[in-house]
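Scroll down for the structure; my scribbles are underneath it.
The values are calculated or read from the model by the stated rules, or taken from the named source; none is laboratory data. Predicted model, so just to flag it, every value in this text is computed and none were measured. Note that we place each Cβ from the backbone using ideal geometry, even for glycine, and neighbour counts take in every protein chain shown.
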């Protein structure tokens with residue numbers, strides 16, 4: 001009887017230990033979508049979306065501080081190659097990203113500023 005109890009205890013402990021060490025299921029909260037705060041054109045850095053999950057829709061727009069559109073990209077992640085755009089001068093730009101992930105049916109928005117260094 002003692003051996004059966006000991007075996008049951010060991011099995012129960014093993015199952016709890018294994019369950020505790022398994023990763024939690026991936027949820028929308030785990031999906032991170034980011035954009036850099038600055039890029040250096042001399043280093044040929046590219047302003048592009050970084051994400052650890054699949055985006056099924058994306059629309060990225062970049063504006064000057066006066067509201068003029070200087071870059072737009074839909075459903076692609078090639079990014080803004082500032083070093084190839086001779087008209088762009090160093091400074092701050094406003095961006096707006098609308099996107100939808102594989103985990104959420106709702107469209108999300110990410111807004112902020114990017115500093116371009118030349």
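Only one of these conditions is not met by residue 44: (1) surrounded by 11 or more Cβ atoms within 10 Å (Cβ to Cβ); (2) farther than 13 Å from residue 114 by Cα; (3) out of contact with any helix residue (DSSP H, G or I) (no Cβ under 6 Å at 6 or more places or on another chain). Which number is it?
(3)
Could you please find all residues in the range 47-61 being in contact (Cβ under 8 Å) with a residue 40 or more places away in the chain, in a strand (DSSP E or B) and exposed (fewer than 15 other Cβ atoms within 10 Å of the Cβ)?
Residues satisfying the conditions are 56, 57.
Regarding the range 13-33, can at least one residue be identified that is surrounded by 15 or more Cβ atoms within 10 Å (Cβ to Cβ) and either modelled with pLDDT of 90 or more or touching a helix residue (DSSP H, G or I) at 6+ places or on another chain (Cβ under 8 Å) (or both)?
yes
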